[in-house]
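Here's the structure we're looking at; comments come further down.
The values are calculated or read from the model by the stated rules, or taken from the named source; none is laboratory data. Nothing here was measured: the structure is a model prediction, and the numbers come from that model. Note that each Cβ is placed from the backbone with ideal geometry, even for glycine, and that neighbours are counted across all protein chains shown.
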Amino acid sequence: MAKIRLGYQCITWGREGFLQALDEISEVGYEGFETFARIADEYAARLAEFKNILAERNLSLASLYSGCTLIDPTTSEAEVLRNVHYAKFVKANGADVLALGGGKRRKEGNTDEDWISASATLNEIGKRCLDLGIKAVYHPHLGTMVETRAELAKLMDSTDQRCLFLCPDTAHLTKGGSDPVEVIKTYIDRIAYVHFKDDRPEAELEAWRREHPEGRAPIFSELGTGSVDFTAIMSILREADYSGWITVELDSTTLTPKHSAEISMKYLKEVLGL
């Protein structure tokens, strides 16, 4: 029987709140967590200390998230090596997924050369990760070259399904104009990791883009408080016998990070039956 594990992203606590994030993620009842790949740079030489931090809180590492430079072919090899380093850290801590994002979005639109560079770099990262027993998953994200449904299709068509997998993020997909239910159904065979977050339909994307990052109101929300059809998504995942992590993420909140995590956990258990 497939086992779904529940994790939470540390982003809500901010860069300096890592240990508090782990404390509260554990207290709320999540089994694991995701954080940014820079943590591997901090703890790579202190692996035993990192493992103790997790063990003390009874937490597992679900994945790291690595923002990538993808459209400059002169940096491709360095980008591959950087992510292999992260994949080794992931493996050393018992996880099997590395989440990738990025690819600069040009105002005038990305060129064919950009897509060739991005696809080649992602394929190579994916191959090198698989050699380590790690699946590299791409996370579509607002503000990157993979924001819209057409851009996601282009990425999926131009990358190797044998070595690059998908991490659908339900709210980023929604805000980018996609239907996350359709995306997950279409690409279910390439999905190796999932991000759950809800979308605030009243939050207008273009207005959000114009605001200064520090003054932006949240455009995403706790699970069950927005427009995403998680019941339909879970039906697809269950029918496909999906086994792996569902990691809840909330970039910012008007509540405390812990309270937001509690709201989403309540929804996961009481509505989705996880």
Within the stretch 42-76, residues being touching a residue at least 24 places away in the same chain (Cβ under 8 Å) and outside any strand (DSSP E or B) number 16
Filtering the stretch 31-70 down to residues that are surrounded by fewer than 16 Cβ atoms within 10 Å (Cβ to Cβ) and under 23 Å from E124 (Cα atoms) yields R38, D41, A44
- Message: Tell me yes or no: at least one residue of the stretch 137-154 is part of a helix (DSSP H, G or I), of a type in the set (F, W, Y) and touching a helix residue (DSSP H, G or I) at 6+ places or on another chain (Cβ under 7 Å).
- Response: no
Note: among I246, I219, just one is buried (at least 20 other Cβ atoms within 10 Å of the Cβ), under 17 Å from G7 (Cα atoms) and in contact with a Leu (Cβ under 8 Å, 6 or more places away or on another chain), namely I246
Original post:
Are any of the residues in the stretch 110-124 in contact (Cβ under 8 Å) with a residue 12 or more places away in the chain, outside any loop (DSSP other than H, G, I, E, B), touching a His at 6+ places or on another chain (Cβ under 6 Å) and surrounded by 15 or more Cβ atoms within 10 Å (Cβ to Cβ)?
Top reply: no
Here the residues within the stretch 155-195 that are among the basic types (K, R) and either buried (at least 18 other Cβ atoms within 10 Å of the Cβ) or under 21 Å from L98 (Cα atoms) (or both) are R162, K175, R190
Going through the stretch 130-150 in order, the residues found to be touching a strand residue (DSSP E or B) at 6+ places or on another chain (Cβ under 7 Å) and either surrounded by fewer than 19 Cβ atoms within 10 Å (Cβ to Cβ) or closer than 18 Å to D189 by Cβ (or both) are K135, A136, V137, Y138, H139, P140
Checking V80, V90, V97 in turn, the sole residue that is touching a helix residue (DSSP H, G or I) at 6+ places or on another chain (Cβ under 6 Å) and under 23 Å from A45 (Cα atoms) turns out to be V80
In the stretch 74-103, anything over 21 Å from R190 (Cβ atoms) and either touching a Phe, Trp or Tyr at 6+ places or on another chain (Cβ under 8 Å) or modelled with pLDDT under 95 (or both) is listed as F89, N93
Pairing a residue in the stretch 254-268 that is within 18 Å of D23 (Cβ to Cβ) with any residue that is at pLDDT below 95 and polar (S, T, N, Q), where Cβ atoms lie under 7 Å and the two sit 6 or more apart in sequence or on different chains, gives S260/T253
Across the stretch 155-182, the tally of residues that are within 18 Å of S227 (Cβ to Cβ), assigned to a helix (DSSP H, G or I) and either over 15 Å from the mean Cα position of the chain (by Cα) or not hydrophobic (A, V, I, L, M, F, W, C) (or both) stands at 7
